[in-house]
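Let me begin by presenting the structure, written as structure tokens, before commenting on it.
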Amino acid sequence: MDNVVVKKYKLKRVDVKSEYKIDYEKELNPQQLEAVVQKDGSILVIAGAGSGKTKTLTYRVARLIEDGVAPENILLLTFTKKAAQEMLSRATIVLDSRCEKVAGGTFHSFANIILRKYSALLELKNNFTITDRVDAEDIINHIRAKVINKQEKRFPKKHTILDIYSKAVNKNTPSDEIIASEYKQFEHCTEKINEIIRQYNDYKRSNSILDYDDLLLYLRTLLQSNSDIRKKLSNQYKYIMVDEYQDTNTIQAQIIALLASEHNNVMAVGDDSQSIYSFRGANFRNILNFPSLFENTKIIKLEQNYRSSQNILALANEILLKAKEKYTKTLFSEIENPIKPAIISASDMKTESEFIVQRILELSEDENIPLNDVCVLARSARMTYNLEIELAKKGIPYKKFGGMKFIETAHIKDIIAHLRVILNPSDIISYTRILLLLDGIGAQSANKLLPVLTSSDYQINAKLPVKNPEAVIKLTQLIDDAQKDLFNPSQMVKNVLNYYHPILMDKYDDYTKREKDLEHFLNLSEKYTSLEDFLSDLALEPPDSSVDDVEAGSVKDEYLTLSTIHSAKGLEYKAVFIIGAVDGRFPSTFAFNSPEDLDEELRLMYVAVTRAKTYLSITYPIDMFDYSTGMVLSKPSRFLDGISQEILEKWIIE
């Protein structure tokens, strides 16, 4: 070693330009950054309320593309079309237009695209129509009338039968078990309910109709039964991201596993503490079992909240401590505010409502908080009835979420029925609807006409078994002419509206009001070049508001929001009131004997609390009569019991 000459070198720092356009370290907090830069493998991001999950998903899309992943190899699945569009639009802004090429949408819209492409493998026609909830109930009702005796009592209505079927599908559970566990009062009808469900499925297949549940069922079947297609799709979508994973049902979780079978590159983002949709078939266990379903899952927790003050989060954390099963997390915020949440007891529901109205006025006048930033949340819609009376007395404008949707109105359903028949003449339910709009056509006449009109060799003529053949000929002429150009939906809608206008004037006294909705419908159609795409989007992502709502100013003008907690998930307000938080209503007495149901009610309280940014008031009356038990409910929700006054102040209205 003595003969070795050691030279001394000076090190000079070389500034290397970052290979990334985006400064991710600057834009994201450490936990968000960890989720964004993790490229391969399975990742579960537990995103607490208000912790920036949308931002995390947005930047991960951008990061993958900057890492050289082709946009068409990325699949982003969300629960609303709007959410996917928002994320990809933001990603385009922070990076570039490559993000627009990412495949993004809902599970159902993705299934629709894949099934149209591979329909032949499932013995489906590629012009199948997607039926909405109301039309599915009509099909059930048609079958129900044939299966049961008219004298039969205590037989479930059409909507209940459809609920049983849908739950059986989404929970991957036989309908017998669904009836036994959730509809015990109809166990004596199990055999006939199953027969109706069997005929319902036969009817859909023979008439090329799919409901929402079918989209998922057929996609799963395609992936399970055809390994070549599964491998092809898995290799096409090499990086999969799923938003709101806690809201997935069993079939959706299986679809994700099948799509990821070739690579295991799945990022699921969600919050187990916001799993509140079991009544829709969501499976809480999906997010708990994700690490066991996907090997070597990395779990990342987003706990910094950017919405609420620390005082509100302190309450949210206390509530979460009561959950039996959960991913442990502690929300924190850098937003400081001296005002603590409060629970307030009132002598009765009227006093409770009067207090809330008074407090809303104080917030508006003293704190300059606009009505648009104030929300009253309730466990169920009926719990706001007393409050609505008090709001009307004081002239406070409000909008209550949960009324009839634009797409569910009779006149809009009439137009959609015409378009569905144009696209798919085998859609018997839609054909029946539009025939019954014609003068002189009743149910019996329609039943006689349908085999004639839907036969492959039908020719327009006057020899029809009805009193008013001219009206039927005019309708069939409209359908035949429209089928010649299925790629001009707006012109087709114009033609249908011209034909329908005399019917509208005859059927509806308020037709002038309904005409505005039809104009709105025409405007919607102008965005499309394919009738199939237009009808699919209407079924999968129906518009919420009628044009009448917009023109009345309810969207633009200032108004207070009344909402169920389920409808408010994902929203935020400066001031929030949680009304009727009395034990027995929130949680409901129906949940008392089920630990799983009770835990979901607790998560619902957590969701309600975390909608508030600055002010949170929780109220309850001490004389609420419960008709289901005959008891007077007087105690505050057990989810708030035992919480220190340092976290939750307690007040009494005198």
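Brief remarks follow.
- Counted residues, the stretch 497-531 - those being exposed (fewer than 13 other Cβ atoms within 10 Å of the Cβ), assigned to a helix (DSSP H, G or I) and β-branched (Val, Ile, Thr): 1
- Flag set for Thr221, criterion: among the β-branched types (Val, Ile, Thr) and surrounded by fewer than 22 Cβ atoms within 10 Å (Cβ to Cβ).
- Selection count where residues are touching a residue at least 12 places away in the same chain (Cβ under 8 Å), farther than 19 Å from Asp427 by Cα, of a type in the set (A, V, I, L, M) and open to solvent by 10 Å² or more (accessible area, probe 1.4 Å), scope the stretch 169-210: 1
- The sole residue among Lys55, Lys81 that is in contact (Cβ under 8 Å) with a residue 40 or more places away in the chain, under 28 Å from Tyr606 (Cα atoms), open to solvent by 10 Å² or more (accessible area, probe 1.4 Å) and not acidic (Asp, Glu) is Lys81.
- The sole residue among Ser273, Ser308, Ser278 that is surrounded by fewer than 21 Cβ atoms within 10 Å (Cβ to Cβ) and of a type in the set (S, T, N, Q) is Ser278.
- Test for Ile428: is it touching a residue at least 60 places away in the same chain (Cβ under 8 Å), under 30 Å from Val472 (Cβ atoms) and within 21 Å of the chain's Cα centre (by Cα): no
- When Arg154 is tested against (1) out of contact with any Phe, Trp or Tyr (no Cβ under 9 Å at 6 or more places or on another chain); (2) assigned to a loop (DSSP other than H, G, I, E, B), only condition (1) is not met.
- Search result, residues across the stretch 233-264 that are open to solvent by 20 Å² or more (accessible area, probe 1.4 Å) and farther than 18 Å from Gly105 by Cβ: Asn235, Thr250, Gln254, Ala257, Ser261, Glu262, His263, Asn264
- Selection within the stretch 104-123: residues that are outside any helix (DSSP H, G or I) and touching a helix residue (DSSP H, G or I) at 6+ places or on another chain (Cβ under 7 Å). The member of this set that is most open to solvent (accessible area, probe 1.4 Å) is Gly104.
- Residues located in the stretch 368-387, provided they are open to solvent by 10 Å² or more (accessible area, probe 1.4 Å), in contact (Cβ under 8 Å) with a residue 24 or more places away in the chain and within 21 Å of Ala612 (Cα to Cα): Pro370, Leu371, Asn372, Asp373, Arg379, Ser380, Ala381, Met383
- Residue satisfying condition, being in a helix (DSSP H, G or I), open to solvent by less than 10 Å² (accessible area, probe 1.4 Å), touching a helix residue (DSSP H, G or I) at 6+ places or on another chain (Cβ under 9 Å) and not hydroxyl-bearing (Ser, Thr, Tyr), within set Ile139, Ile93: Ile139
- 3 or more residues under 23 Å from the mean Cα position of the chain (by Cα) and of a type in the set (A, V, I, L, M, F, W, C): qualifying helices (runs of 4 or more DSSP H) within the stretch 264-379: 285-293
- Elements of type helices (runs of 4 or more DSSP H) in the stretch 169-247, at least 2 residues being at pLDDT 90 or above, more than 27 Å from Glu600 (Cα to Cα) and more than 24 Å from the chain's Cα centre (by Cα): 190-206, 212-225, 227-236
- Flag for Ala136 being of a type in the set (Gly, Ala, Ser) and closer than 29 Å to Glu408 by Cβ: yes
The values are calculated or read from the model by the stated rules, or taken from the named source; none is laboratory data. Everything quoted here is computed from the prediction, not taken from an experiment. Every residue, glycine among them, receives a Cβ derived from its backbone with ideal geometry; neighbour counts consider all protein chains shown. To get the accessible areas, we keep the full protein, side chains included, count just its heavy atoms, and leave off ligands, DNA and RNA. Shrake-Rupley method; radii C 1.70, N 1.55, O 1.52, S 1.80 Å.
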